[in-house]
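Some notes on the structure that comes next.
Just so it is clear, none of the values below were taken in a lab; they were calculated from the coordinates. As the structure is a computational prediction, the values presented were derived from the model and not from experiment. Using ideal geometry, Cβ is built from the backbone for each residue, glycine included, and neighbour counts are taken over all protein chains shown.
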Amino acid sequence: MSDFSVQFEGVSKRYTHFSLENIHLELPTGSIMGFIGANGAGKSTTIRILMGLVHQDTGTVRVLGHSMPGDQAAAKLDIGFVSEDMRLYGAATLKWHMDFMRPIYPRWDQTYAEELARRFDLKPQQKIKGLSHGQRVKSALLLALARRPRLLVLDEPTTGLDPVARMEVLSELMAVLADEDRTILFSSHNTLDVEQISDQITFIDRGRIIDSDDKEVFLDRWRRLRLVLPPDGVVPRLPGVVEVGGSGRLPVLTTNRFEPAMVSACNDLGATVQAVDTMTLEEIFVANVHSRRERLTA
Amino acid sequence: MHSDIVISQSDGRPMYLQIMEQVKQRVAVGEWAPGDEIPSIRQLAMDLRVSVITIKRAYLELEREGVILTQQGKGSIIAPNPGLSPHVYHAELSERLDEVVRLGDLLGLSSDEIARRTKEAANRLNEARLNEAGFTKEIV
Amino acid sequence: MNYSMVKSLIFKDWYFQRQAILLSLAGGALSLGIVVFGGQAGFTIGLILLVTVMVMLSAMTVLGNTLGERENQTLAFAMSLPISYLEYTTSKILGNLLIFVPFWLALVAGSLALIVATPVIHGFFAFTIIMAVEILVSTCLMIAVALVTESKGWAISAMVTGNVALNVVGYLVAQIPGIKDGMFGTAIYWNPTATILLAIEFALILLLLGIAFFIQSRKKDFI
């Protein structure tokens, strides 16, 4: 058994108006990775390359030990995939889809499928085209979960779901991880969800991975330092300061390499540290993207 | 064993700290006795819908502080001698009090007023606790 | 290649085309009836009806289950199954042909039976077989184009091209000495010319399907 469920090495893909460059990604087996990026950043393209639906121009992709896209049929036997732009067959019922999947996947769990239908409040006899968006998303998730996949690949799994449904979906995702051999990769705009349940987090912007690390490391590394400067004071120059905001005498430094020693360093340089704020994942992501884009245009 | 730990999303502190605090509280209050089994890392992750890595971190810190013991392949238990070192709490209290005084100073409050506000906060906490238990009582 | 998956995919496509298929079966049976029992006028009318049913059926099913996947955004779902382009392409080609061929065979058998039973038109035997296979060629063209281009515009162009080709080829073949000479006779004949023409047509079918497979295998963006 490999240590990594997914491995991207030097992967790139070039389109006329967009390119994915030098993507390097490692997803340890048994963990859950949140994939955050703006619209058009390359999340969907990366996920499609992972599934073998799009062939990379350069680089190697290994999923569950299989080389993609060549070995995609074998790999997909163990993968559950749900994406935002995927639709089930409208003219058929959820039950039809369940009956269709059952003989295909050896680990299909019919009892679990029916239990999920109850929990997600879905009626298997109903035609897909008559379902609301949220119900369709849940149906697709049900079909992906019931095959007990070793890898779950989800593109925006909670987008468009009401808060109760979101909670149920997050519960089911965490239940998947109760088995140490199962892995989840999901992309999401919902940074709260990502922050809560992810073990690893990867940021992608304009076709490049701009940061990838353990979630706790992210949350530890990033801080906002609120300073008060004396009348003639100057903003202290510290390593790892990514952004300087605030007003003249009340600067706010955003840093991605925080250490407690920074506080005393600021004080030594004449700036009183009024507060050291932690940052939410959303704030970290936005600061990360801003500083990177500024550096590129500077 | 189902945990009754509840985490609050609006609590600004890191999640692993919240979890640590609740474990310690349970030990302090006696709900979890020394030697008792506590939920496995994955079980707790599932219950709380929180990432495994966060639970791991909380448990690691708790072990370092001597509150719990993790046995290889057998899960975790409350340490026979949970060194709920009060100095950990004292250090945090001092830090917070410094911050309170600083903010009060910014607002132009006198030290008496700051002390009064502190007492009001203590009242609020007691009231909330008693409400939970079904009483209402004010401590002056 | 995973034959079990190909089978599942084909059955799935047929399930979603079931109304079109049943309607065509009814239409086809009706046409055959007219051919067999309608006398001389019925022969022509019935055959034309049968050809129309076949053309419409192939158009509907090909457009429906090939282009429909992209249109209804179910292509991603299909490709999320444990298959590669190989199973997908095979299921689309086989699925469409297996619906079409029975109708086509009925047409061929019916026409030939009638020709054999009617001495006056015995000469049409060879010509009929050649034209029948030509219909198969234009159907394969449409299947291949729809699959590879995933475009309604191109698929319809292919269909129109196929129909035009049918008429053009029919005219041209009727001019070939080896065929023309015997066509209006009262003897059932077969000659090397006919064999060559048939061979060319089957080669065309293999070529069209082969090119379709090849292009599908080179697609770098399946979705």
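Descriptive notes on the structure:
- Efficiency of FRET from Cβ geometry, C:Glu150 and C:Thr44, R₀ 35 Å, rounded to 0.05: 0.40
- Shape descriptor for the stretch B:86-133: Rg over Rh equals 1.08 (Cα atoms; Rh from the Kirkwood inverse mean 1/r).
- As computed over the protein assembly as shown, the Cα convex hull volume per residue (Å³): 201 Å³
- Pairwise FRET efficiency - A:Glu294 versus C:Tyr3, Cβ, R0 = 41 Å, nearest 0.05: 0.15
- The order of C:Tyr171, C:Tyr85, going from fewest to most other C-beta atoms within 10 Å of their C-beta, is C:Tyr171, C:Tyr85.
- Beta bridges per DSSP, both residues in the protein assembly as shown: antiparallel share near 70 percent.
- Kyte-Doolittle at least 0.5, axis length at least 15 Å by Cα - qualifying DSSP helices, chain C: C:18-37, C:39-62, C:85-117, C:124-149, C:152-175, C:192-218
- Mean Kyte hydropathy of -0.5 or more with a Cα span along the axis of at least 20 Å, helices from DSSP in chain B: B:15-29, B:86-107
- Kirkwood estimate for chain C, i.e. one over the average of 1/r between Cα atoms, Å: 18.6 Å
- Within chain C, longest stretch free of exposed trypsin sites (Lys or Arg not before Pro) [DSSP loop, at most 16 other beta carbons within 10 Å]: C:1-218
- Per-peptide average of other Cβ atoms within 10 Å, ordering C:192-200, A:253-261 highest first: A:253-261, C:192-200
- Helix-only CD estimate at 222 nm, as mean residue ellipticity for chain A, using -39500 (n - 2.57) per DSSP H run (n ≥ 4): -9500 deg cm²/dmol
- Bridgeable lysines around C:Lys219 (alpha carbons under 17 Å apart, same-chain partners fewer than 8 residues away excluded): A:Lys13, C:Lys92.
- Compactness index (Cα Rg / 2.2 N^0.38 Å), chain A: 1.16
- Distance between the stretch A:157-217 and the stretch C:168-223 - C-alpha centres, whole angstrom: 57 Å
- Value of [θ]222 nm, deg cm²/dmol, for chain B, DSSP H segments ≥ 4, -39500 (n - 2.57) each, nearest 500: -19000 deg cm²/dmol
- Rule-of-thumb Rg ratio for the stretch A:223-278 [Cα; 2.2 N^0.38 Å; N residues]: 0.97
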